[in-house]
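Before any comments, here is the structure.
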Amino acid sequence: MVEDEIYANGTSADDQKRNRPIITGEQLDIEAYASLYSGRTKITRLIFIADHCGADTNQTMQLEALRMAYDEIKKGENTLLFREVVTKIDGRLGPDYGMDATWCEMIERRAEQRKDKLENELNAYRTNLIKESLRMGYNDFGDFYYAHGSLGDAFKSYVRTRDYCTTSKHIIHMCMSAILVSIEMGQFTHVTSYASKAEQTPEALDAITSAKLRCAAGLAHLEVKKYKLAARKFLETGHELGSHYNEVIAPQDVATYGGLCALATFDRSELKSKVIDNVNFRNFLELVPVVRELINDFYSSRYASCLDYLGNLKPNLLLDIHLHDHVETLYDQIRHKALIQYTLPFVSVDLRMMADAFKTSVAGLEKELETLITNNQIQARIDSHNKILYARHADQRNATFQRVLQTGSDFDREIRSMLLRANLIKHDYNQRGGSRKI
């Protein structure tokens, strides 16, 4: 009945088809996936997929990703990325996707002219010493460098606007620009720093900006493997985010990153209160029904189904530019939590039945349980002959006596200390301050 209710809350077949590309057991639909993003991150995600899907195993997917990256770059002005993609294609897509020297020369010539114009304008602003003009001048330089792929120069230009910011709105704009470039460069310490600066501005942040900052902070925590902090940031992200931050992250990513990090680090009560019953985060989970179902399966102790979902999703998660380095660690933590949660209510567990539940061999399960017992994560012992796990329950009576004795000892020590202080005061033995004569 519970399972029927959970599935009844799902989306329609059309919704599932629309959301299929983000996370599914089927092969990634690259076109639908790429449509969720814009700007540089769209291109870098496509290149990442091409680099990691494997030319030997899936050349069709690789070439499709490179073709889309090529087309997207031609809409912009980044000749550095263009040359990189052309090299990766290596003539495999025919003459239409080869090196376009004419386009590169035109873009670079136009860039030189634009740069000269920006420098002349900035020099004029320096002469006039008008703060707002200088701020806009450096900001224009930042936009120029970012468009042409010079991320380091773009970051420096954006940060220089800080000296000329006169309102909270200006500071927030500077921080958001610095965060965007820092994410692209992989400098997540800068992301944390500028997200904090933006949140400390005197004026209250609007809902969309607040949601963006939480996503950025979540990515920074994910990068340094602080999964619980990452989960909290993604879970706190407001539904107002929508597609307003698709130059960095899609709302489907919020559901996937937040859901997996929570599953790996939250205890059972937190999972219920902060994820399953979280009305705000439910809006994100509805975009990725598979993640929603595997979280519900885990909470409802349907481990075989949960692990099946995770196994099917793994190939596509390994193609995610932010998550790929963390998939193995998160999966291990989720599996260990499932094993611990399975054994917790029982005095003894038949390892054969448990192995069936986790779709593994008894020998493999024994090794996993041995590791958890050694690390003191499960209080139990294994009967290898009869294939039974016996829980070690603490001697409650002995533990109670020990607590009583400790309480008595603490009380005795405190009384003796009080009597000593009282006698010292009574006999005027307290130390007096004052200067010492020499």
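Using the heavy atoms of the protein chains alone and a 1.4 angstrom probe, what is the accessible area of the chain per residue in square angstrom? Walk me through the intermediate numbers first.
Values: 23720 Å² over 438 residues.
Accessible area per residue: 54 Å².
Residue 363 versus residue 312, label points 7 Å from Cα toward the beta carbon: distance in nm?
Distance between the two pseudo-spin positions: 3.0 nm.
Can you give me the P(r) profile for segment 103-184? Cα pairs, bins 5 angstrom wide beginning at 0, each as a whole percent.
Percent of Cα pairs in each bin: 3, 16, 24, 22, 18, 11, 4, 1, 0.
Pick the calculated Rg/Rh (Cα atoms, Kirkwood Rh) for this structure from [x] 0.98; [y] 1.13; [z] 1.02?
Checking each listed value against the structure points to [y].
Find the relative contact order for segment 127-255 and round it to a whole percent, using C-alpha pairs within less than 8 Å whose residues are 6+ positions apart.
17
Tell me, what % of the accessible area of the chain is carbon and sulfur with a 1.4 angstrom probe?
On the way: 11990 of 23720 Å².
Carbon-and-sulfur percentage of accessible area, whole number: 51.
Quickly rank 294-303, 373-382 as a protection proxy: mean count of other C-beta atoms within 10 Å, highest first.
Peptide ranking by packing, descending: 294-303, 373-382.
What's the longest uninterrupted piece of the chain once you rule out the GluC sites (Glu not before Pro) that are loop residues per DSSP with at most 12 other Cβ within 10 Å?
Answer - 204-438.
I'd like the FRET efficiency for residue 423 and residue 226, computed as 1/(1 + (r/R0)^6) with the beta carbon distance as r and R0 of 56 Å, rounded to 0.05.
Efficiency, from the Cβ-Cβ distance: 0.60.
Would you work out which of 102, 379, 263 lies farthest towards the positive end of the dipole of the chain? Charges go on Cβ: Lys and Arg +1, Asp and Glu -1.
Of the candidates, 379 comes out farthest on the positive side.
Where nothing but the Cβ of Lys and Arg (+1) and of Asp and Glu (-1) is charged, how large is the charge dipole of segment 118-230 around its Cα centre, in debye to the nearest 20?
In debye, rounded to 20, segment 118-230 gives about 480.
Is it possible to state the helix-based mean residue ellipticity at 222 nm for the chain, with each DSSP H run of 4+ residues giving -39500 (n - 2.57), the sum divided by total residues, to the nearest 500 deg cm²/dmol? What is it?
The helix contribution divided over the chain gives -21000 deg cm²/dmol.
Under a Cβ-Cβ cut-off of 13 Å, what is the net charge of the residues other than residue 149 that fall near it, where Lys and Arg count +1 and Asp and Glu count -1?
That works out to -4.
The values are calculated or read from the model by the stated rules, or taken from the named source; none is laboratory data. As the structure is a computational prediction, the values presented were derived from the model and not from experiment. Note that we place each Cβ from the backbone using ideal geometry, even for glycine, and neighbour counts take in every protein chain shown. For accessibility, only protein heavy atoms count, side chains too; no ligands or nucleic acids. Shrake-Rupley method; radii C 1.70, N 1.55, O 1.52, S 1.80 Å.
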